[in-house]
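To start, the structure itself, in structure tokens.
The values are calculated or read from the model by the stated rules, or taken from the named source; none is laboratory data. Because the structure is a prediction, the values reported are computed rather than measured. Here Cβ is always computed from backbone atoms with ideal geometry, including for glycine, and neighbour counts include all displayed protein chains.
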Amino acid sequence: WFAAEFAAPDGGKGWTLIANIGESENDTYLFHPRGLLPNKTYRITFDSLDSSTVIPGFELMRDGIPVRLENLGSSELLLFEEAG
């Protein structure tokens, strides 16, 4: 697995690129974002799926967010934006 993350200095938004770059026993990567604020709520958009969900920051950091990538070489771009 490969993961690269960027978070704005104020914790209001960010992005993460996750890629399946090698053989793994699991097709799901559990990503725990850093740089977000636990007291904020975030809209997370899965770019390739064109879907989004809203999750509290403390939940994101505590539980992570599962990203399923079945095929070697597949990737997902997650966009994080403060939802309120």
Quiz item: Taking region 1-41 on its own, how many of its residues are within 12 Å of VAL67 (Cβ to Cβ), touching a residue at least 60 places away in the same chain (Cβ under 8 Å) and hydrophobic (A, V, I, L, M, F, W, C)?
Solution: 2
Quiz item: In this structure, does GLY22 turn out to be modelled with pLDDT under 95, among the small types (Gly, Ala, Ser) and either closer than 14 Å to LEU79 by Cβ or buried (at least 17 other Cβ atoms within 10 Å of the Cβ) (or both)?
Solution: no
Quiz prompt | GLU82 being among the acidic types (Asp, Glu), surrounded by 15 or more Cβ atoms within 10 Å (Cβ to Cβ) and over 11 Å from the mean Cα position of the chain (by Cα) | solution = yes
Quiz item: So which strands (runs of 3 or more DSSP E) are wholly in region 22-75 and hold at least 1 residues that are closer than 17 Å to PHE6 by Cα and touching a strand residue (DSSP E or B) at 6+ places or on another chain (Cβ under 8 Å)?
Solution: 28-31, 41-46, 65-68
Quiz prompt | Only listed residue being more than 9 Å from the chain's Cα centre (by Cα), among the basic types (Lys, Arg) and either surrounded by 15 or more Cβ atoms within 10 Å (Cβ to Cβ) or at pLDDT 90 or above (or both), chosen from ARG34, ARG68 | solution = ARG68
